[in-house]
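The next block holds one structure in the form of structure tokens; read it before the comments.
The values are calculated or read from the model by the stated rules, or taken from the named source; none is laboratory data. Remember, predicted model here, so these are calculated numbers, not experimental data. Here the Cβ is made from the backbone with ideal geometry for all residues, glycine too, and neighbour counts use every protein chain on show.
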Amino acid sequence: MVDWDLARRVASGALILKPSPASYRSSDLQSQFDELTARAEFLVSEATGLHSAHGAARAKVTDRAEWAAANVRTMQRLVGPALSNFQSRRAARLSGPALAVGRTVSGTQLGLMLAYMATRVLGQYDLLISDESPEDQDLVSYVGPNVVAIEAHYGFTPSQFRLWLALHEVTHRLQFTAVPWLRDHFVSLVGEMLEPLSGDPVRLADILGRVTAEVRAGHNPLREGGVVGMLATAEQRVALSKISGMMSLLEGHGDVTMDRAGAAEVPGAAEFSRVLHQRRSQARGLSKVMSRLLGLEAKMRQYAEGERFVEAVEAAGGPELLARVWRGPEWLPTLVEIRNPGEWVARAGG
């Protein structure tokens with residue numbers, strides 16, 4: 001129940017209030033990121049042994065509005081079919097005006113959420129979700145205005161910082177294009193999470209009860225997954241936990257690989273990491289509220305927990321033991337194992 005076109009329009013309209021830096025030049029950045037992405041792919045392949053089955057990585061420098069619109073399209077491909085089924089089930093119980101209002105509200109909320117995120121994202125690998133419009137997929141994207149703004153604000157050396165970004169995003173691309181089952185497994189987990197959707201008002205009462213109990217116990221009900229985690233059914237929370245475990249592994253592996261692959265060519269890497277981590281942790285006001293609602297704080301924990309998992313597994317059995325995670329879905333660590341690496345090491349025969 002999302003008006004996808006409205007989401008795109010809302011995101012673009014909201015981003016008019018956030019102009020690009022005066023020094024931003026898309027064409028200059030594009031040529032630089034073309035070279036840096038190719039260099040990053042070579043370095044990451046050398047460090048990990050992963051080689052893409054989809055050819056060389058392609059870079060795309062985008063602005064904030066283009067990034068938001070691209071993510072609306074990706075979300076539509078990923079969750080649109082499940083939401084359409086949900087809408088058809090609810091249509092028998094809701095009138096036309098009620099459905100229209102729901103689609104408008106959801107589209108507006110999605111547009112505003114992506115507009116907020118578009119001001120903060122630096123780079124992203126867009127999953128190859130469908131076979132349509134291949135020229136718009138399997139891209140390593142960089143949000144040019146945000147990259148330039150960060151470099152200017154913190155005095156980063158552009159050539160080093162941009163290679164550092166490319167290393168992380170190219171690692172994600174290699175994870176999904178060199179491990180043949182990983183993309184389909186991720187999509188299936190999203191399907192599991194969306195399958196139990198229902199319009200049962202009793203579920204809303206159950207959600208409110210859980211939230212109240214969490215608050216009374218002194219816990220933050222948004223801690224693990226933002227609004228998504230709070231609204232999830234029992235079945236959805238199982239799928240969400242699987243997704244969280246997988247993403248923690250991928251983010252941690254990305255961070256470790258980024259540091260190793262760029263050690264000789266990005267002497268400023270430690271400073272980049274420290275400053276951006278501090279930037280995330282010092283969010284205040286609306287940024288803090290939005291981070292909690294969207295589960296971005298949980299994502300920050302994914303980086304740290306995933307990195308600790310990778311380091312612990314390699315300490316127990318070296319890169320050879322860690323490489324077992326790519327054998328199949330059953331080898332992926334659960335969220336519990338991410339936080340207790342010894343359990344996965346024992347299960348994997350380390």
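Brief remarks on what is shown
- Looking across region 320-350 at every residue that is under 24 Å from the mean Cα position of the chain (by Cα) and among the aliphatic types (A, V, I, L, M), the one that is modelled with the lowest pLDDT is identified as LEU335.
- Qualifying residue in region 2-14 (condition: exposed (fewer than 13 other Cβ atoms within 10 Å of the Cβ), in a helix (DSSP H, G or I), among the polar types (S, T, N, Q) and at pLDDT 75 or above): no
- Flag if PRO221 is modelled with pLDDT of 55 or more and not in a helix (DSSP H, G or I): no
Rundown of residues vs (1) surrounded by fewer than 18 Cβ atoms within 10 Å (Cβ to Cβ); (2) more than 24 Å from LEU250 (Cα to Cα); (3) touching an Asp or Glu at 6+ places or on another chain (Cβ under 9 Å), yes/no style:
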residue	(1), (2), (3)
LEU36	no, no, no
VAL44	no, no, no
ALA56	yes, no, yes
ARG64	no, yes, no
ALA70	no, no, yes
GLN76	no, no, no
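- Where a residue in region 248-276 is more than 16 Å from ALA304 (Cβ to Cβ) and its partner, wherever it lies, is assigned to a helix (DSSP H, G or I) and of a type in the set (Lys, Arg), with Cβ under 9 Å and at least six apart: GLU265/ARG39
- Unique match (being over 25 Å from GLU192 (Cβ atoms), in a helix (DSSP H, G or I), modelled with pLDDT of 55 or more and among the hydrophobic types (A, V, I, L, M, F, W, C)) among VAL256, VAL266: VAL256
- When each of ARG162, ARG120 is tested for being within 30 Å of GLY262 (Cβ to Cβ), of a type in the set (D, E, K, R) and modelled with pLDDT of 90 or more, the lone residue that passes is ARG162.
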